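Notes follow the structure.
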There are 2 protein chains.
Amino acid sequence: MEIALSALHGRWTTLVIREFLQGDRTFTELRHALPALSDKVLSDRLAHLTEAGVLDRHRHRHRQPGWPPRVRYTLTAHGRRLGPVLQALWDWGAQHRPPPPAGTR
Amino acid sequence: MEIALSALHGRWTTLVIREFLQGDRTFTELRHALPALSDKVLSDRLAHLTEAGVLDRHRHRHRQPGWPPRVRYTLTAHGRRLGPVLQALWDWGAQHRPPPPAGTR
DNA sequence: CTGTATCCTGAACGATACTG
DNA sequence: CAGTATCGTTCAGGATACAG
């Protein structure tokens, strides 16, 4: 159970995964989809999730020996199983409309 | 969905909730169940979870006007709904035995 | 007993520059 | 294009002391 938490650590991680639930992505696609993340953090998340077995990294060697490098990330089977789990978490959060405007507090 | 994440923020929060899934608890009971948490962090978590509508705080005025103060925390209905969600998360984590001992890395 | 106040440390985050 | 290196900032977390 600590495993799940360590795999998902970081406050952006779930949003990254959320992107992948709609299909595979490249680094720049993610960069545009999540402008709030700096390159470093995005890079960290991708590396971490790859290590955790949630993502797979595929290098598509295009034509030149190394130019331009095309790297595509996809969810692993294990990562895809995370979909319903995160969905449940989001649903739970959406269920709750905390009404602490004035009277209670 | 950010709501769920903010409600659960902090790496000890889910373990605290886990305690509550087995029944209500007092401050000292939690302190013994989770020795890794300092008073401050435990206090922070309880306050945060109470604000988030996951826990309820009940003061049992014992006999003296204020001594000893007995405070008991219980899950709210909303908090109880978190049970299956966290269970799913833990199951997911338990499913994965990451085998990165030598060869792969 | 049930916390809060204070201070400190370390990790995560964020921005920018730079490399393969 | 896809990152890494470096640096500074911010914030959660840990320890201790103290208060209601």
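The values are calculated or read from the model by the stated rules, or taken from the named source; none is laboratory data. In this text, all values refer to a predicted model and were calculated from it rather than measured experimentally. Virtual Cβ from ideal backbone geometry, glycine too; neighbours counted across all protein chains shown. Accessible surface areas use protein heavy atoms only, side chains included; no ligands, DNA or RNA. Shrake-Rupley method; radii C 1.70, N 1.55, O 1.52, S 1.80 Å.
Of all beta-carbon atoms in chain B, the one sitting closest to the axis that brings chain B onto chain A gives B:Ala88, 3, with the distance in whole angstrom. Largest GNM mean-square fluctuation across B:Arg31, B:Arg80, B:Arg61, computed for chain B with C-alpha springs under 10 Å, falls on B:Arg61.
Mean residue ellipticity at 222 nm from the helices of chain A, using -39,500 (n - 2.57) per DSSP H segment of n ≥ 4 over the full residue count, to the nearest 500 deg cm²/dmol? Provide the component values of the computation, followed by the final result.
Details: 6 runs with 52 residues, N = 105.
Helix contribution divided over all residues of chain A: -14000 deg cm²/dmol.
Among B:Trp67, B:Phe20, B:Ser43, whose Cα sits farthest toward the positive end of the charge dipole of the range B:2-89 (+1 at Cβ of Lys/Arg, -1 at Cβ of Asp/Glu, about the Cα centre)? So the residue furthest toward the plus end is B:Trp67.
Ignoring ligands, DNA and RNA, what accessible area per residue does the range B:2-89 give at 1.4 Å, in Å²?
Values: 5040 Å² over 88 residues.
Ligands and nucleic acids excluded, the result is 57 Å² per residue.
To the nearest 20 debye, what is the magnitude of the charge dipole of the protein assembly as shown about its Cα centre, counting +1 on the Cβ of each Lys and Arg and -1 on the Cβ of each Asp and Glu?
On the way: 32 positive and 18 negative charges, 18 e Å.
Using Cβ point charges on Lys, Arg, Asp and Glu, the protein assembly as shown gives about 80 debye.
Per the 1.4 Å probe, what fraction of the accessible area of chain A, in percent, lies on carbon and sulfur atoms? Numbers along the way, then the final one.
Numbers: 3460 of 6380 Å².
After summing per-atom areas, the C and S share lands at 54 percent.
Summary for A:Ala36: label point 7 Å along Cα→Cβ; distances to the equivalent points in the other copies, ascending, 2.7 nm. For peptide A:77-90, the mean count of partner chain Cβ atoms within 10 Å of a residue's Cβ comes to 4. Solvent-accessible area lost on pairing A with B (1.4 Å probe, both sides summed) amounts to about 2700 Å². Measuring only protein heavy atoms, the 1.4 Å probe finds A:Trp92 accessible over about 10 Å². Ordered by solvent-accessible area of protein heavy atoms (1.4 Å probe), largest first, the residues B:His48, B:His96, A:His9 come out as A:His9, B:His48, B:His96.
Across peptide A:5-14, the mean count of Cβ atoms from other chains lying within 10 Å of each residue's own Cβ comes to 3.
Place a +1 charge on the Cβ of each Lys and Arg in chain B and a -1 charge on the Cβ of each Asp and Glu, then give the dipole magnitude about the Cα centre in debye, rounded to the nearest 20.
Numbers: 16 positive and 9 negative charges, 63 e Å.
Dipole of chain B, to the nearest 20 debye: 300 debye.
For A:Leu55, the amide hydrogen comes within under 5 Å of the amide hydrogens of A:Thr50, A:Thr76, counting only partners 5 or more places away or on other chains and with H modelled in the peptide plane.
Between identical copies, the spacing of A:Trp12 label points, each set 7 Å from Cα toward the C-beta atom, reads 2.8 nm from nearest to farthest. Heavy-atom accessible surface of B:Thr28, to the nearest 10 Å², is about 60 Å², with a 1.4 Å probe and all protein chains retained.
Label positions at B:Leu21 and B:Ala47, each projected 7 Å from the Cα along the C-beta direction, are separated by 2.7 nm. Relative to the longest principal axis of the Cα atoms of chain A, the long axis of helix A:82-95 makes an angle of roughly 30 degrees. Here the Karplus relation 6.51 cos²θ - 1.76 cosθ + 1.60, evaluated at θ = phi - 60°, turns the backbone of the range B:69-81 into coupling constants of x, 10, 10, 10, 10, 9, 6, 7, 4, 5, x, 5, 5 Hz, with x for every Gly and Pro. Between helix A:39-51 and chain A, what is the angle of the helix's C-alpha long axis to the longest principal axis, kept within 0 to 90° and rounded to the nearest 10? Helix A:39-51 sits roughly 90 degrees off the main axis of chain A.
Sorted from nearest, the other copies put their B:Pro69 label points 5.7 nm away, the label point being 7 Å from Cα in the direction of Cβ.
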